[in-house]
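Take a look at the structure below.
Taken together, the values in this text are just the output of simple stated rules run on the coordinates, not laboratory data. Just so it is clear, the model here is predicted, and its values are computed rather than measured. Neighbour counts run over all protein chains shown; Cβ positions are idealised from the backbone, glycine included.
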Amino acid sequence: MKLKALIVDDEFNARNNLKILIDEFCPELQIIGLVESAEEARIVIEKEKPDVVFLDIAMPKEDGFSLLKSYENRDFSVVFTTAYNEYALKAFKENAIDYLEKPISIDDLQKAVQKVMKVQGSEEQRTPAELSDLVDEAMEGKNDRISIPTRDGYIIIRNTDIIHLEASDNYTMIYLIDGSRHLSSKNIKVYEENLNQEVFFRTHKSHIINVEHHLKEFSRSEGNMAVLTNGINVPIARRKMSNFLSRINTF
């Protein structure tokens with residue numbers, strides 16, 4: 001049985017191009033509507049009960065995020081479609097199944113549809129937030145690692161692989177020894193409270209460093225800086241200096 005899909009986009013060509021791609025390359029879906037506004041989308045959602053909504057973000061009068069906020073407990077999956085990648089973080093917080101940038105590639109679309117099929121096909125559907133709680137519970141008492149929510153699921157990272165964490169508004173960027181970075185939807189205060197205090201130290205309102213494994217040097221040449229093994233210099237706030245020096249003197 002096919003899943004019912006609704007396309008919401010204020011641009012005529014965008015709506016029709018996505019329908020063509022879905023009809024041609026995603027036989028798992030049946031298009032039950034193409035609408036150009038959030039207002040029209042509500043009518044179709046109420047009447048047709050779609051399984052998945054392909055939702056544009058930047059629309060006149062009312063954007064895609066506003067549409068979702070009108071559903072306290074929505075029972076349909078959401079795949080965002082947009083030409084503006086600056087919305088990715090906000091889309092992530094809305095528990096979207098996926099986020100497709102225009103022009104939409106066939107490969108990305110098919111991957112998104114497969115994610116929708118997995119979610120809709122599960123007997124017990126869980127939101128990303130609930131899954132994060134499950135991961136955290138599983139890791140409780142094992143503070144040698146952390147879980148980070150990503151667009152595709154969750155990754156488990158060992159403390160020894162984390163060089164430092166940097167606040168980015170209400171998010172946290174996590175830098176790893178392989179040179180990769182991962183953006184977490186949790187703020188840096190959450191990590192400060194839950195990371196192993198014997199390994200990590202908050203040097204500044206925006207920075208936590210792995211003082212145990214990745215502190216290479218302390219330098220005063222350009223202000224008080226912690227030099228890390230990846231070559232990044234992280235500032236040490238004046239109010240943190242006493243505790244920081246006490247900490248490194250215990251090595």
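Checking the cross-link pairs LYS2/LYS118; LYS61/LYS111; LYS49/LYS69; LYS49/LYS118; LYS4/LYS111; LYS2/LYS102 against a 20 Å limit on the alpha carbon distance flags LYS61/LYS111; LYS2/LYS102 as lying beyond it. Any idea how far the Cα center of the range 20-90 sits from the one of the range 177-251, in Å? Centre-to-centre distance over Cα atoms comes out at 42 Å. Karplus-based coupling profile of the range 181-192, in residue order and whole Hz: 10, 10, 9, 9, 7, 8, 7, 5, 4, 4, 5, 4, with θ = phi - 60° in 6.51 cos²θ - 1.76 cosθ + 1.60 and x standing for Gly or Pro. Here the 3J(HN,Hα) profile of the range 210-215, calculated from phi with Karplus coefficients 6.51, -1.76 and 1.60 at θ = phi - 60°, is 8, 6, 6, 10, 10, 7 Hz, Gly and Pro shown as x. Residue exposure proxy: HIS182, HIS207, ordered by other Cβ atoms within 10 angstrom of their Cβ from fewest to most, comes out as HIS182, HIS207. Given H placed 1.01 Å from N in the peptide plane, which residues other than close sequence neighbours of THR81 have an amide H under 5 Å from its amide H? Under 5 Å from the amide H of THR81: LEU55, ASP56, ILE57, LEU100. Shape class for the range 3-121, computed from the alpha carbon gyration tensor (a ≥ b ≥ c): rounded, with a/c under 1.5. Cross-link partners of LYS216 among lysines, defined as those whose alpha carbon lies under 25 angstrom from its own and excluding same-chain residues fewer than eight positions apart: LYS189, LYS205, LYS240. If a/c stays under 1.5 just call it rounded; otherwise compare a/b with b/c (prolate if a/b is bigger, oblate if not). Do that for the range 142-251, with a ≥ b ≥ c from the square roots of the Cα gyration tensor eigenvalues. Taking the square roots of the gyration eigenvalues as a ≥ b ≥ c, the range 142-251 is prolate.
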